[in-house]
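Nothing in this text is a laboratory measurement; each read-out follows from the coordinates by a stated rule. These figures come from a predicted structure and were not determined experimentally. Glycine also receives a Cβ, built like all others from the backbone with ideal geometry; neighbour counts cover every protein chain displayed.
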Ligand SMILES: NC(=O)c1ccc[n+]([C@@H]2O[C@H](COP(=O)([O-])OP(=O)(O)OC[C@H]3O[C@@H](n4cnc5c(N)ncnc54)[C@H](O)[C@@H]3O)[C@@H](O)[C@H]2O)c1
């Protein structure tokens, strides 16, 4: 077996028009995988698919609101009509609502949970049966270090903690099926989701003093799809430059 060998797979990426997915789409397409780019923004998914094709890869665009179960079902039917088998699901769609406890209205907390936690669950429900029937599949959830430690914005932290524990729990459901499920828990990745105030803090809060390139997340996703990663299951893989590895009571002297 060669290093990181992997048969060409069909990979469905949600949030495909986003900054992190740009790195995931590009890396997976470069590894020979076909990328199904799905985003709530039709324009975003088209742009993402076009970027893959411009680089010589294979990609198709789909529109889905993962926070709406009927939209997820419609996507499953659209993909089935196109006679495409989804081998790998990457749940990268997510929202960060910068609201504190008292700022949330009657529905804002629930919307974050719907997109960041229920969305991946519905996507897994929709696309894992095909993987199970073919005896092979990979599910990769993009969680966050905000699901590992506490975080300023409670809806986001709760949604990502839920997603990370959903990941662990689904190994039981998927026992013996040939389908593995893992999360990637990034620290600060260079995407439009990151505000300048956070970027400025990186040298004091991240031991590597670096912001993460979306391509690094893509490389980790590509490894999780490879044959060598077949026994990585139920893991929450932190990639954060060391940010969560120490107690941040004081700034580094
Ligand atoms: N950027 C970071 O530092 C960072 C760190 C940890 C985790 N994450 C997670 O990585 C993922 C990608 O984030 P990003 O930084 O690329 O953000 P981004 O805002 O650039 O991309 C998010 C994408 O998700 C799409 N999206 C939003 N709601 C959706 C919905 N209901 N249905 C389908 N698509 C939807 C958006 O249109 C957008 O294209 C998110 O889950 C985020 O929580 C980001």
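Could you state, as a whole-number percent, how many of the C-alpha pairs of the range 76-176 are farther apart than 16 Å? Provide the component values of the computation, followed by the final result.
Details: 2980 of 5050 pairs.
The calculated P(r) of the range 76-176 puts 59 percent of pairs beyond 16 Å.
Report the normalised scattering of the range 196-253 as log10 I(q)/I(0) at q = 0.31 Å⁻¹, calculated by the Debye formula with identical scatterers on the alpha carbons.
-1.29
For the range 140-232, what mean projected area does the convex hull of the alpha carbons give, in nm²? Let's see the in-between values first.
Numbers: hull surface 27.5 nm².
Spelled out: convex hull of the Cα atoms, projected over all directions, averaged, 6.9 nm².
Would you mind computing, in nm to one decimal, how far apart the modelled labels at residue 53 and residue 110 are, each placed 7 Å from Cα along Cα→Cβ?
Label-label distance for residue 53 and residue 110, simple model: 4.0 nm.
Calculate how steeply helix 42-54 sits against the longest principal axis of the alpha-carbon atoms of the chain, using the helix alpha-carbon long axis, and give the answer as 0 to 90 degrees to the nearest 10.
Between the helix axis and the principal axis of the chain, the angle is about 70 degrees.
Take the Cα atoms of the range 1-146, find their three principal axes, and give me the spread along each one in whole Å, biggest first.
So the three principal-axis extents are 54, 31, 31 Å.
For helix 19-30, what angle does its Cα long axis make with the longest principal axis of the chain, in degrees from 0 to 90 and rounded to 10?
40
Using Cβ contacts closer than 10 Å as the measure, can you line up 145, 232, 24, 140 from fewest to most?
Taking fewest neighbouring Cβ atoms as first place, the list is 232, 145, 140, 24.
In deg cm²/dmol, rounded to 500, what helix-only [θ] at 222 nm does the chain give when every DSSP H run of at least 4 residues adds -39500 (n - 2.57) and the total is split over its residues?
Using -39500 (n - 2.57) per qualifying helix, the result is -12500 deg cm²/dmol.
Exposure proxy check: 175, 136 ranked by fewest other beta carbons within 10 Å? Please list the in-between numbers first.
Values: 175 9, 136 15.
Lowest to highest Cβ neighbour count: 175, 136.
Taking the C-alpha atoms of the chain, how large are the radius of gyration and the largest Cα-Cα span, Dmax, in Å?
Values for the chain (Cα only, Rg and Dmax): 17.6, 59 Å.
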